[in-house]
Amino acid sequence: MRTIPRLSGCVTSKGQLSIQKQNPYPTEIIESSDIQQSDSPESILVKAIQIPASLDKTVQPVTLNISSAGYYLDVIAEQLGVTDASKVLLSRTIGKASSETRLYFAASESLVMDLLSDLANVKDFHVEGPPNARASYFCGQGIYGDAIMASIGYTWRSKELFHEHVSLQSYYRMLISKIPSGNYKLSREAILAAELPSVFTTKANWRGSFPREILFAFCHQHRLSEPIFSTTSVPLKASCELLRSQKKLKVTEVAGLATEYANGGGLNAGDGESVGLESNFRCEVKVFSKGRDLIIECSPKEIYRKQTDATHSASLKVLSWLNAYFKDLGMPLEKLNCSADALDISFSLENFHKEFALSQSIHNVQQSGTQGSKLPESKSTDMQYTLSGQDVCLPNIEGSDSGVFPSNGSLLCISYSVSLVTEGGHTKELIESKDEFEFEMGAGAVISALEAVVTQMSAGQCAHFNMNLPPQEFILAAVDDPGRIHSLLSSACWLEYHVTLLRVTKPPEERMEQALFSPPLSKQRVEYAVQHIKKSCAATLVDFGCGSGSLLDSLLDYPTSLEKIVGVDISQKSLGRAAKVLHAKLSSKSDAGIKSAILYDGSITEFEPQLCGFDIGTCLEVIEHMEEDQACRFGDIALSYFRPKVLIVSTPNYEYNVILQRSSPVTQEEYPDEKSQSESCKFRNHDHKFEWTREQFNHWASELAKKHNYSVEFSGVGGSGDVEPGFASQIAVFKQESLLDEDDLLTKQNSSQHCKVVWNWNCADRSVVGTLSNK
């Protein structure tokens, strides 16, 4: 307004916030401009959203009725309760870069008077009226009073009035897109099923927008500068030293790299960039405000063989941290700092709170507005345990067990539907459904409740379960008519999920093994354990790292001397699958010989008196999923405290990978932009923290046996020990040579218990007790 008087040919209108030409256009200019008044008598109806300033009031749809001879801003002004368009202020555009969506709000009379009374001396002003937190959150500008969100206006692209409808669903989708998980859910079109994955595994298994793209979108949505990525090349020698310093040394990978480098091999860095093998990659990412104030800096310690993997992994760390904040907006500072440290993130608390101050009031309102209900009890009678901790009731699983069930790394395809059900079941509204939805098991790519249920299913089975409501913004973003559903959310209700597991694509490790071995290595390992059980006449067995119970399940198909079997694992989702499978088989077998079966939730690297003194212990293909120092700790705990008479440990032979990967037809599918002929062998599973050569495994096992007074013999399955490169799966069998001192054993048995019984089957009355909690 102060500048206008100095502009040539422009004047202000008295008492109005508008400008106009001082002199009208000449007639010939108007005639040559080809501007024509529309002859159409019809009005234009444009759907828009009214956002009240009060957070207690709900967002409502409105319709702007613009006549052919009218001015759209006059219609918006009327909707806002002011006399004409000159009283309307508008925000910057919001949403996509090409969007014309803006927020419109009314200027107060005091603002107009202040500006017009003394233009020369006005240096700053504040708009009066209640602040509109929701509208301000969208555009990053101060919006006051009620606001209209509309996509309408004149653009340089056309002389016609541009307009698009803005629906309630559009509003809620824009709202959840400002959260990392919401952005990912929208990219998958699975708002009530998908979740931002916790780990970036392979490009081939990732579905939806990639982490780097989501981080760029997040910064755009919050009016931040684009994230800055700094990818550095790490020489081979430095890579080895770095891995050692992190105690994450993958000796075999380093050895493979060195061998390949000596042979003149090269690496594909991603994005078409080829570099020498002497380089691995690390990526740092920084997020700045528009004013270039540093907000977040992520400096991962991990290094990657591919540049794109380093970039996506660093992006995902930032997104995961931000997502945790948005899920728990009242998170204490100590917890926020701890989560940042765990993800190699540092941040400026002052700048962070400055940029995300409005997030708390907006998303907390949406979450507090969601009403839950006591979930109906399950009608399932095949097993009694609950999935608590996620507000999920026991799933009902239907259909025969096909024997093809998921494991971590599997690529699953499901169909599902989600309905909103009111208490008493009087109203049931379909919210979301998909005929086919793919995700990687174990990567956190779906909500945890859904993954926990699917873990218990086999291909072809169906399940349905109920769970309490998520924040209502997600529900309203998923439905076509949020207005109708919003009224239901004010009453007690829950979500009902129906899921069918269509197919399971096994992880690369299993596919590689099946391509070369018949029967598969997994079955050969079970048969190897069975032979030792028979030979030792063992009556009790504990399976360390039992997972989904595949070994314990298979043992029930063989006649053995076993009377008690126990499994222990840290994954409650896997224990859920194990409990279901074992209960079904034990309840149907009257001649199994098993008198009791127990599943424990706990770590095998912590002493647990309930796991002591078994005749035989097994730990098949488990230790490679730990860090190497944890694998060493397990060995010490198992042989010094648990002390089974016989302990069987198996782990992949890294030297055999070259044969497996050459025989596997899935290598190029999993890594389409890599040339397997010129690269060293990969680990068999992306979740493996290490894989040992025969020499490394023999050294580890021999030192343990010597230290704890056990003998050890080496064998394996798959291939031959007499032919290079040995067995595909190498096995160490430890045999106890002396008993533990009774006083020491008593002391240990009186130690505190870390494991929790989650399932306990007893032959005497065919009963099962305990609950299975899903965290």
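The values are calculated or read from the model by the stated rules, or taken from the named source; none is laboratory data. None of these values were measured; they are calculated from a predicted model. Every residue, glycine among them, receives a Cβ derived from its backbone with ideal geometry; neighbour counts consider all protein chains shown. Note: areas computed on protein heavy atoms with side chains; ligands, DNA, RNA excluded. Shrake-Rupley method; radii C 1.70, N 1.55, O 1.52, S 1.80 Å.
Worth pointing out:
- For I30, the accessible surface of its heavy atoms amounts to roughly 90 Å² (probe 1.4 Å, protein chains only, rounded to the nearest 10).
- Hz values of 3J(HN,Hα) by residue in region 438-452 - Karplus curve (6.51, -1.76, 1.60), Gly and Pro given as x: 9, 7, 8, 5, x, 9, x, 7, 10, 4, 4, 5, 5, 5, 4
- Each peptide in 335-342, 517-524, 195-202 gets a packing score, the mean of other Cβ atoms within 10 Å over its residues, and the list from highest to lowest is 195-202, 517-524, 335-342.
- Annotation: amide H-H contacts under 5 Å for A106 (H modelled 1.01 Å from N, sequence separation of 5 or more, or interchain): L89.
- Taking amide H as placed 1.01 Å from N in the peptide plane, S458 has its amide H under 5 Å from the amide H of S402, each at least 5 places away in sequence or on another chain.
- Across region 540-553, rounded Karplus estimates of 3J(HN,Hα) from the backbone phi angles (6.51 cos²θ - 1.76 cosθ + 1.60, θ = phi - 60°) give 10, 9, 10, 9, 7, x, 6, x, 7, x, 4, 5, 4, 5 Hz, Gly and Pro being marked x.
- Cα gyration tensor shape for region 481-556, rounded if a/c is under 1.5, else prolate or oblate: oblate
- Whole-angstrom gap from region 397-429 to region 597-638, using each part's C-alpha centre: 33
- Tail beyond 18 Å, pair distance distribution of region 481-613 (Cα, percent): 66
- In order along region 559-570, the phi-based Karplus estimate (6.51 cos²θ - 1.76 cosθ + 1.60, θ = phi - 60°) of 3J(HN,Hα) comes to x, 9, 8, 5, 10, 9, 10, 9, x, 9, 7, 8 Hz; Gly and Pro are listed as x.
- Length available on full extension from N709 to C413: 0.36 nm per residue minus the Cα-Cα distance, which gives 101.7 nm.
- Distant-in-sequence amide H partners of G716 (H built 1.01 Å from N, under 5 Å): I731
- Across K178/K286; K564/K706; K589/K645; K185/K306, pairs whose alpha-carbon gap is larger than 20 Å: K564/K706; K589/K645; K185/K306
- When each of the peptides 475-484, 87-96 is scored by the mean number of other C-beta atoms lying within 10 Å of its residues, the order from highest to lowest reads 475-484, 87-96.
- Computed on the Cα atoms alone, the convex hull of region 295-361 gives a volume of 80 cubic angstrom per residue.
- For region 209-237 versus region 449-472, the gap between their alpha-carbon centres in whole angstrom: 33
- Binning all Cα-Cα separations of region 584-650 at 10 Å, short to long from zero, yields these whole-percent fractions: 18, 45, 26, 11, 0.
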